[in-house]
Amino acid sequence: MTDPIPVVAAVLTGADGRVLLARRGPRGPHRGLWEFPGGKVEPGESPEAALARELQEEMGIEVAVGEHLLTVDWTYSHACVRLSAYRCILVAGEPRPLDCAEVAWVEPGRLGKYPMPAADEPVRRLVQATAPAPKLE
C-alpha cells in the first residue's frame, strides 16, 4: 500500500461566525462538491506553508495558519489521503473563485446542507460541535 497523499484544509471563520467553503469545479474527483479550502502539500513544503499557498492560488487571499484541529486518513477509490485541518485567520484579500468553481461563507449549523467529500465530514462535524451558539435576535 502506498503512503497517503498529504493534503491540508483551512477552517477559516469570519467575524460573523460563518465558515469559508470552496466548491470544486466540473472536472476531476469530487467534482461539484463543497470542501474546506486547501490542497496538496508539495514535497519539502510544510503543511502550514502549503495551506497559505493554496489559499492564495485558489482564492487570492492571505491567511495566518493557526492551530492544527485534526488529521483524517481516508481511502477513496482513486487515492488515499491524509487530510490535516487548521484554523486560519484572514489577513488580506476577499475570497474569490480563482481556482475553484465558487466560494461561500456558511453558518456552521448549515454546513450539512453542502455536500462534501467523505474526508471533509469529520472536519465539518468538529466545526459544528465547536461553533458558538447562534445569537438570538
With the Cα gyration tensor of the chain in hand, give its eigenvalues times 5 under a square root as the equivalent ellipsoid semi-axes, listed largest first in whole angstrom. 22, 17, 15
Could you work out the local net charge near residue 39, counting Lys and Arg as +1, Asp and Glu as -1, over the other residues with Cβ closer than 10 Å to its Cβ? -4
Are there any chymotrypsin sites (Phe, Trp or Tyr not before Pro) in region 1-105 that are in a DSSP loop and have at most 14 other Cβ atoms within 10 Å? List them by number. 76
Low-density loop positions, GluC sites (Glu not before Pro), region 4-60 - DSSP coil, at most 16 other Cβ in 10 Å: 45
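Only Cα pairs under 8 Å and at least 6 apart count here; give the relative contact order of the chain as a rounded whole percent.
Here the relative contact order equals 31 percent.
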Total formal charge among the other residues, if their Cβ is under 13 angstrom from that of residue 50, Lys/Arg +1 and Asp/Glu -1: -3
Could you work out how far helix 47-59 tilts from the main Cα principal axis of the chain, as a 0 to 90 degree angle to the nearest 10? 70 degrees
From the Cα gyration tensor of region 9-60, with a ≥ b ≥ c the square roots of its eigenvalues, which class applies: rounded if a/c is under 1.5, or else prolate if a/b is larger than b/c, or else oblate? oblate
So for region 83-137, what are the equivalent ellipsoid semi-axes in whole Å, largest first, each being the square root of 5 times an eigenvalue of the Cα gyration tensor? 20, 17, 13
Using a 1.4 Å probe over the heavy atoms of the protein chains, calculate the carbon and sulfur portion of the accessible area of the chain as a whole percent. 53 percent
Could you give the angle, 0 to 90 degrees to the nearest 10, between helix 121-130's Cα long axis and the longest principal axis of the Cα atoms of the chain? 30 degrees
Magnitude of the charge dipole, region 14-137, Cβ model with Lys/Arg +1 and Asp/Glu -1, debye to 20: 460 debye
Starting from region 1-54, pick out the trypsin sites (Lys or Arg not before Pro) whose DSSP state is loop and whose Cβ has at most 10 other Cβ atoms within 10 Å. 27
Starting from the residue with the highest accessible area, list 130, 13 in decreasing order, probe 1.4 Å. 130, 13
Result for region 37-137: accessible area per residue, probe 1.4 angstrom, in square angstrom, of 58 Å²
Nitroxide proxy distance, nm - points 7 Å out along Cα→Cβ at residue 121 and residue 76: 1.5 nm
Express in nm, to one decimal, how much length is gained between residue 92 and residue 129 on full extension, taking 0.36 nm for each residue of separation and deducting their alpha carbon distance. 10.6 nm
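The values are calculated or read from the model by the stated rules, or taken from the named source; none is laboratory data. None of the values given here were measured: they were computed from a predicted structure. All Cβ positions, glycine included, derive from the backbone under ideal geometry; neighbour counts span all protein chains shown. Surface accessibility is based on the protein's heavy atoms, side chains included, excluding ligands, DNA and RNA. Shrake-Rupley method; radii C 1.70, N 1.55, O 1.52, S 1.80 Å.
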